[in-house]
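The values are calculated or read from the model by the stated rules, or taken from the named source; none is laboratory data. Note that the structure is predicted; figures quoted are calculated from it, not measured. Counting neighbours? That spans all protein chains shown, and the Cβs are built from the backbone with ideal geometry, glycine included.
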Amino acid sequence: MILKASQRSGAKQLATHLLRTDENEHVELHEISGFMSETLHGAMNEAYALSKGTKCKQFLFSVSLSPPAHESVRVEVFEKAINDIEERLGLKGQPRIIVFHEKEGRRHAHAVWSRIDADTMTAKHLPFFKTKLGELAKQLYIENGWAMPKGFENPKLRDPTSFTLKEWQQAKRAGLDPRELKSAVQDCWKRSDGVSAFTNALEERGLYLARGDRRGHVVLTLDGEPFALSRLIDGKTKEVNAKLGDPNQLRSVNETKALIGEKIAPRLSSYIAEAKRMAVNAMKPLVEQKQKLTDAHQTARKEFDTKLKDRWDAEQRERSNRTRKGWAGVWDFMTGRYFKVRKQNELEVQFAKERDRNERHGLITTQLKERQELQSNIKTARRREAEQVLALYRDSAKFRRMREGREQSTARVRDKGLDLG
């Protein structure tokens, strides 16, 4: 279980953040203890008011508890982890708040303590809390039989790119098949009768004729890669010169690269905008499906909680009716019947609480699995669309560099001319 913690102020802002339903699909205020108020904002206000009697500015201690994504973690596991944090850091007995969040098929918890000791009016000192929580996090992985992240096994094995969309950055564009290139150039060569027709035919295929540094006529791909024309058509240099003329009349390779950049870069900007628009449209059905699933899950939980409450109230009335009033109650107390009934009621309450927790955990687990299946489809769609957009961004950057190279060359030639003058 990943534990992230901080000492902080901003009680009102933290309360608002913990209750945000626009960022979280489910928000559950699980516990408020040690405060007079029963609302989250009220409890935070109490913590702030208490801190005003001290010099402490960061009067809250906040911890997020994130178990592995696909593990079904019971409430009791979270509660035990929070109790262990209290023991390790010396926060036992301090007022605390526990809130559960669910987002994208993952469930995690937030625990917030007031650091102010009401008896001494001093703030609890929390030395080396990050180190202590790191040790506890490892212990939680071991205790629960979860696969431990490599970063916990050995910090040197931690992958810094895991915090970004690594798969997106690794997307590679497919290279041009040399056989296809050769076939395309030969087709253009056969149906042209001169340099103008041949140039136009090449550009229709995304290819460009240029003057090579060593070979005379060359053909450039959109990537700026030069290929000797004579080799592509399986001909001789004399044959090429006879049909196309002196290669010195053509642009150089660098000039042609700049031309490609000037022609293609503006188009790519529109392609990027179109790709983003298509990505948004492609995501719309999944976003709508996510909202419908969230609404259905929230409704199911409300109905389920109502059912549990009605059953609990009914069972409580039944237990209460077992305790007789008046002289009958006195007789039960004297004969010991009262204590047997009380013991029976206590056992039934314990059983009922465990039963209700199990049933609610089962409902949440089922819903999380449904949400995780949908999230898998969302991730696939996001990755696919992002790969397309990032490929366009890479191409756009490459063509801009081509254009800038020409501008720099022109500037150098101009400066040289001025020097000669």
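Before we move on, is Lys57 modelled with pLDDT of 90 or more and part of a loop (DSSP other than H, G, I, E, B)? So Lys57 passes the test.
Of all the listed residues (Ala43, Ala5), the sole one being in a helix (DSSP H, G or I) and of a type in the set (A, V, I, L, M) is Ala43.
Applying the criterion of being touching a residue at least 60 places away in the same chain (Cβ under 8 Å) and among the hydrophobic types (A, V, I, L, M, F, W, C) to the residues of segment 53-72, the residue that is surrounded by the fewest Cβ atoms within 10 Å (Cβ to Cβ) is Ala69.
So is Gln298 assigned by TED's automatic domain parsing to the domain that holds Gln372, in contact (Cβ under 8 Å) with a residue 60 or more places away in the chain and within 23 Å of Val75 (Cα to Cα) or not? Talk me through it step by step, then tell me what you get.
Numbers: assigned by TED's automatic domain parsing to the domain that holds Gln372: yes; in contact (Cβ under 8 Å) with a residue 60 or more places away in the chain: yes; within 23 Å of Val75 (Cα to Cα): yes.
Considered against the rule, which asks whether it is assigned by TED's automatic domain parsing to the domain that holds Gln372, in contact (Cβ under 8 Å) with a residue 60 or more places away in the chain and within 23 Å of Val75 (Cα to Cα), Gln298 comes out as yes.
Every test in (1) surrounded by 12 or more Cβ atoms within 10 Å (Cβ to Cβ); (2) at pLDDT 90 or above is passed by Phe333 save one, and that test is (2). Residues in segment 108-131 that are surrounded by 17 or more Cβ atoms within 10 Å (Cβ to Cβ) and either of a type in the set (A, V, I, L, M) or over 22 Å from Ser33 (Cα atoms) (or both): 7 in all. Residues in segment 16-40 that are more than 24 Å from the chain's Cα centre (by Cα) and in a loop (DSSP other than H, G, I, E, B): 6 in all. Of the residues making up segment 320-370, those that are farther than 19 Å from Ser72 by Cα and either of a type in the set (A, V, I, L, M) or more than 49 Å from the chain's Cα centre (by Cα) (or both) number 28. Out of Met36, Met44, Met1, report the one residue that is aliphatic (A, V, I, L, M) and free of Cβ contacts under 8 Å to residues at least 24 places away in the same chain. Going through Met36, Met44, Met1 in turn, the sole match is Met36.
Out of Val195, Val219, which single residue is at pLDDT 85 or above and either out of contact with any Lys or Arg (no Cβ under 9 Å at 6 or more places or on another chain) or among the basic types (Lys, Arg) (or both)? Show your work before the answer.
Values: Val195 fails: either out of contact with any Lys or Arg (no Cβ under 9 Å at 6 or more places or on another chain) or among the basic types (Lys, Arg) (or both).
None of the others qualify; the one that does is Val219.
Scan segment 366-378 for residues that are surrounded by 15 or more Cβ atoms within 10 Å (Cβ to Cβ) and not aliphatic (A, V, I, L, M) and jot them down. Don't jump to the end; show me each part of the working.
Restricting attention to segment 366-378, the residues satisfying the condition of being surrounded by 15 or more Cβ atoms within 10 Å (Cβ to Cβ) are 367-368, 371, 374-375, 378.
Answer for segment 366-378, where residues must be surrounded by 15 or more Cβ atoms within 10 Å (Cβ to Cβ) and not aliphatic (A, V, I, L, M): Gln367, Arg371, Gln375.
Taking residues in segment 317-328 that are within 16 Å of Glu346 (Cβ to Cβ), and partners anywhere that are loosely packed, with under 11 Cβ neighbours inside 10 Å and of a type in the set (A, V, I, L, M, F, W, C), not one pair has Cβ atoms closer than 8 Å while being at least 6 places apart or on different chains. In a residue-by-residue description of segment 108-115, the property of being β-branched (Val, Ile, Thr) and modelled with pLDDT under 85 applies to no position.
The single condition from (1) farther than 27 Å from Leu18 by Cα; (2) modelled with pLDDT of 80 or more; (3) surrounded by 15 or more Cβ atoms within 10 Å (Cβ to Cβ) that Gly145 fails is (3).
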